Amino acid sequence: SRSPNWNKKQWQSFVMYLALTKWEKDSQLRDTTADEALVSVSSYVERFYDFWRLRIGRLVPLTLRGTDRTYKTTEVIGIISEGKHYQIIGPSGSGKTELLLHIALQSLANDIVIIFVQVKNYDGDLSHLLDVSVSYLHPGNCTDLLNRCKALNKRTALIVDAFNECPHDKKDRFLQELQSFVLKEPLPVIFTAQSPLQLPQHLRGETLIFADLSLEERKAVFEAHSGDFHGDVASLVQPFKTPLELSLAGQCVSESMQMCLR
């Protein structure tokens with residue numbers, strides 16, 4: 001059929017929409033200027049921010065237990081700047097992914113480029129997983145993006161979400177490949193999982209564990225999603241254990257109030 005007469009930017013947008021990746025695994029910065037690298041990396045950051053910012057809500061201060069002290073979630077959103085590995089642990093619905101995304105967006109503001117990896121998509125090939133993880137934000141593969149960051153002296157970091165969702169028979173293989181990758185491309189890695197991970201030496205870091213919610217924390221999560229509800233919040237939140245449950249309850253109350261106003 002006829003050519004759509006798209007320009008290069010339109011073709012790149014279509015490639016990312018289809019989540020396609022380059023066949024070449026060793027993409028090089030051939031004939032790429034520093035200005036072009038800057039435009040490319042800046043576009044990646046803008047797309048990352050635009051895609052994820054609307055998928056997270058306001059960060060409510062919840063308690064995390066560290067090795068020697070406790071933290072609030074609002075205190076750890078800048079941890080990637082430390083350049084160290086971390087694992088963030090909590091049961092399903094505790095807010096691990098939400099916290100990760102706040103950490104990622106804060107890191108972008110700190111001029112650190114984030115690669116956000118969802119381990120459930122791991123098929124035994126880390127290179128392919130990394131390529132897929134950037135394909136909707138960058139027209140090249142992950143190696144190409146990292147090379148552009150190096151050319152600009154940009155710091156990078158890897159966020160590995162929901163390690164417990166990695167296929168059981170592939171977990172050791174994933175950690176082996178990941179450690180090999182980090183030895184070649186030194187960067188901080190943050191994991192989330194439902195229970196503490198036994199990690200190889202070069203991936204170990206501090207473990208932060210979500211504590212059980214206090215009454216005040218339950219109320220704060222509920223109120224962050226319930227709008228102008230003025231009822232007995234303390235009694236209402238008692239049955240709920242996780243931030244996810246409380247957020248859903250708050251949204252239901254908010255929607256009910258809006259329907260009544262109509």
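Charges only on Cβ, +1 for Lys and Arg, -1 for Asp and Glu: so what's the dipole of the chain about the Cα centre, in debye to the nearest 20?
360 debye
Rounded, prolate or oblate, given the Cα gyration tensor of the stretch 129-216, with a/c below 1.5 counting as rounded?
Here the stretch 129-216 falls in the prolate category.
Could you list, in their original order, any pairs among Lys72/Lys96; Lys84/Lys170; Lys96/Lys241; Lys72/Lys241 whose Cα atoms are separated by more than 21 Å?
Going by Cα-Cα distance, Lys84/Lys170 fall outside the 21 Å limit.
Considering only Cα-Cα distances, which of the following residue pairs are longer than 20 Å: Lys9/Lys184; Lys120/Lys150; Lys9/Lys120; Lys154/Lys184?
Over 20 Å apart, Cα to Cα: Lys9/Lys184; Lys120/Lys150; Lys9/Lys120.
Between the helical axis of 171-184 and the dominant principal axis of the chain, each derived from Cα atoms, what acute angle in degrees is found, rounded to the nearest 10?
Rounded to the nearest ten degrees, it is 60.
Which lysines have a Cα lying under 21 Å from the Cα of Lys8, excluding residues fewer than 8 positions away in the same chain?
Reachable lysines: Lys22.
Does the stretch 56-177 come out rounded, prolate or oblate, given a ≥ b ≥ c as the square roots of the eigenvalues of its C-alpha gyration tensor, rounded meaning a/c under 1.5 and, failing that, prolate meaning a/b above b/c?
oblate
Can you give me the accessible area per residue for the chain, using a 1.4 Å probe, in Å²?
56 Å²
Can you send over the solvent-accessible area of Lys171, 1.4 Å probe, protein chains only, in Å² to the nearest 10?
It works out to around 50 Å².
Between 0 and 90 degrees, rounded to the nearest ten: what's the tilt of helix 126-135 against the longest Cα principal axis of the chain?
Approximately 80 degrees, to the nearest 10.
Quick check on packing: order 60-68, 131-139 by the mean number of other C-beta atoms within 10 Å, highest mean leading.
131-139, 60-68
Note the angle between two axes, namely the Cα long axis of helix 142-151 and the longest principal axis of the Cα atoms of the chain, as a number of degrees from 0 to 90, rounded to the nearest 10.
80 degrees
Does the stretch 80-135 come out rounded, prolate or oblate, given a ≥ b ≥ c as the square roots of the eigenvalues of its C-alpha gyration tensor, rounded meaning a/c under 1.5 and, failing that, prolate meaning a/b above b/c?
oblate
How large is the convex hull of the C-alpha atoms of the chain per residue, in Å³?
For the chain, the hull spanned by Cα atoms encloses 176 Å³ per residue.
Please work out how much length the chain gains when fully extended from Gln118 to His230, using 0.36 nm per residue of separation minus the C-alpha to C-alpha distance, in nm with one decimal.
Additional length available on full extension: 36.5 nm.
Mind ordering 240-247, 227-234, 203-210, 3-10 by average Cβ neighbours within 10 Å, highest first?
Highest mean packing first, the order is 240-247, 203-210, 227-234, 3-10.
Give me the percent relative contact order of the chain, please, defined on Cα pairs under 8 angstrom at least 6 residues apart.
The normalised contact order for the chain reaches 25 percent.
The values are calculated or read from the model by the stated rules, or taken from the named source; none is laboratory data. Quantities reported herein were computed from a predicted structural model and do not represent experimental measurements. FYI the Cβ positions are ideal-geometry reconstructions off the backbone, even for glycines, and counts take in every protein chain you see. Just so you know, the surface numbers come from the protein's heavy atoms only, side chains and all, with ligands and any DNA or RNA stripped out. Shrake-Rupley method; radii C 1.70, N 1.55, O 1.52, S 1.80 Å.
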